[in-house]
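Enquirer: Below you'll find the structure I mean.
The values are calculated or read from the model by the stated rules, or taken from the named source; none is laboratory data. Keep in mind the model is a prediction, meaning the values are calculated, not measured. A quick note on method: Cβ atoms are made from the backbone with ideal geometry, for glycine too, and the neighbour counts reach across all protein chains shown.
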C-alpha cells in the first residue's frame, strides 16, 4: 500500500510529463482500482500490454523523481514546517509552495 501512495504522490507532481493515455492508465489502475483484465477490455488491448504500460509509467515517475527530487524536497520542507514554532516563517514557506 505504501508503494501505491508513493506512486500517487509522484503522479500528482509529475503527471504533466505523461501522455494523456498514460494518465488514463495510471488513474484507472492506481486510483480507480481497475484490474489489468478490466483495462484490457476497456482499451481493447492485451492484458500484457496494459501491464507493460503500467510498469513503464511507474518507472518513468520514479525516474523523474530521481532526477528532480521534487516530492522528496517537498516532504522535507513539510517536515521542517511541522517542527518549527515560527508562525511567520511557516506562513512565508507555505506562500512560496502554493505559488
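Enquirer: Residue under question is residue 11, and the condition is that it be in contact with a helix residue (DSSP H, G or I) (Cβ under 9 Å, 6 or more places away or on another chain) and either under 14 Å from residue 55 (Cα atoms) or modelled with pLDDT under 95 (or both); does it hold?
Expert: Working: in contact with a helix residue (DSSP H, G or I) (Cβ under 9 Å, 6 or more places away or on another chain): yes; either under 14 Å from residue 55 (Cα atoms) or modelled with pLDDT under 95 (or both): yes.
Yes.
Enquirer: Do we find that residue 59 is part of a helix (DSSP H, G or I), at pLDDT below 90 and either at positive phi or out of contact with any helix residue (DSSP H, G or I) (no Cβ under 9 Å at 6 or more places or on another chain) (or both) in this structure?
Expert: Answer is no for this residue.
Enquirer: I've got another one for you. Between a residue in region 24-42 that is touching a residue at least 12 places away in the same chain (Cβ under 8 Å) and assigned by TED's automatic domain parsing to the domain that holds residue 54 and any residue that is outside any helix (DSSP H, G or I) and loosely packed, with under 15 Cβ neighbours inside 10 Å, which pairs come within a Cβ distance under 7 Å, given they are 6 or more apart or on different chains?
Expert: Close Cβ pairs (under 7 Å, with a partner that is outside any helix (DSSP H, G or I) and loosely packed, with under 15 Cβ neighbours inside 10 Å) do not exist here.
Enquirer: Sticking with this one: In region 22-37, how many residues are farther than 14 Å from residue 55 by Cβ and touching a helix residue (DSSP H, G or I) at 6+ places or on another chain (Cβ under 8 Å)? Quick ask: steps written out before the conclusion?
Expert: Here is the first cut: in region 22-37, the ones farther than 14 Å from residue 55 by Cβ are 23-24, 27-28, 31-35, 37.
Subsequent filtering for residues that are touching a helix residue (DSSP H, G or I) at 6+ places or on another chain (Cβ under 8 Å) retains 23, 28, 31, 34, 37.
Of the residues in region 22-37, 5 are farther than 14 Å from residue 55 by Cβ and touching a helix residue (DSSP H, G or I) at 6+ places or on another chain (Cβ under 8 Å).
Enquirer: Kindly list the number of the only condition in (1) surrounded by 13 or more Cβ atoms within 10 Å (Cβ to Cβ); (2) not in a helix (DSSP H, G or I) that fails for residue 33.
Expert: (1)
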